[in-house]
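Below is one structure, written out as structure tokens, with a few remarks after it.
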Amino acid sequence: MAYRPREGSFGPPLRVWMPALIYLGAALTVSSVVALARQAPSQSWLFLELVERDAQRSVGASLAAALLLVSAVSVTLRTAMRGVRVYGDGVELRDVVLFGWPRLKRYQWAQIDRIVLDQPHHIALDLWDGTRAFLPRVRDRAALSRALEKVGYLRAIPVRGGLGLDDFPDELGQG
């Protein structure tokens, strides 16, 4: 029976998270200000602008804040879905391309001819059809490299680069 690694997910780096987190923080701030305006005294500027004048607007402040918050949460969730997943049957690449369109690619272990770990910024998979698939950047590149190198060793997939077999923990046969 062939080796089946434990499932592991490797999320995007912090620089990918920053725009989504800033957007979520701004949406939470706007929503808090709108909620605070409803509780403010009736003669305050905040109450007058955001509660009383809402009747004259086509979209009220509460609806705009709610839409902004839903949008920010969806952007944060979409960012959380990026990365690389190593599972029993292969590798799954999850990324977002042009205009937020998601991209999901799965490669079975049998499709992978070589795992390339010696490139400075990317991890690559040489595939059986002669193409090369670059994995998206992840937060913990070293852990992903170790996981792929371990799978490569135990499934007889050649690995270029990496730590070498001496640095593997003793649990190689478990997994």
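The values are calculated or read from the model by the stated rules, or taken from the named source; none is laboratory data. In this text, all values refer to a predicted model and were calculated from it rather than measured experimentally. For neighbour counting, all protein chains shown are included, and Cβ atoms are generated from backbone atoms with ideal geometry for every residue, glycine included.
Got a sec? Which of Arg78, Arg85 is modelled with pLDDT of 90 or more, within 16 Å of the chain's Cα centre (by Cα) and of a type in the set (D, E, K, R)? I'd like the intermediate steps shown before the answer.
Details: Arg78 fails: modelled with pLDDT of 90 or more.
Answer to the check: Arg85.
For every residue, the table says whether it meets (1) touching a residue at least 60 places away in the same chain (Cβ under 8 Å); (2) surrounded by fewer than 13 Cβ atoms within 10 Å (Cβ to Cβ); (3) not in a helix (DSSP H, G or I).
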position	(1), (2), (3)
Val16	yes, no, no
Leu24	no, no, no
Val34	no, no, no
Gln43	no, yes, yes
Arg53	no, yes, no
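Inside the stretch 146-174, residues that are more than 14 Å from Leu125 (Cα to Cα) and either outside any loop (DSSP other than H, G, I, E, B) or at pLDDT 90 or above (or both) make up a count of 11. Is there a residue in the stretch 90-101 that is more than 30 Å from Ile123 (Cβ to Cβ), exposed (fewer than 13 other Cβ atoms within 10 Å of the Cβ) and of a type in the set (A, V, I, L, M, F, W, C)? Within the stretch 90-101, not a single residue is more than 30 Å from Ile123 (Cβ to Cβ), exposed (fewer than 13 other Cβ atoms within 10 Å of the Cβ) and of a type in the set (A, V, I, L, M, F, W, C). Scanning the stretch 106-162 for residues that are within 20 Å of Ser9 (Cα to Cα) and basic (Lys, Arg), we see that the one that is surrounded by the most Cβ atoms within 10 Å (Cβ to Cβ) is Lys150.
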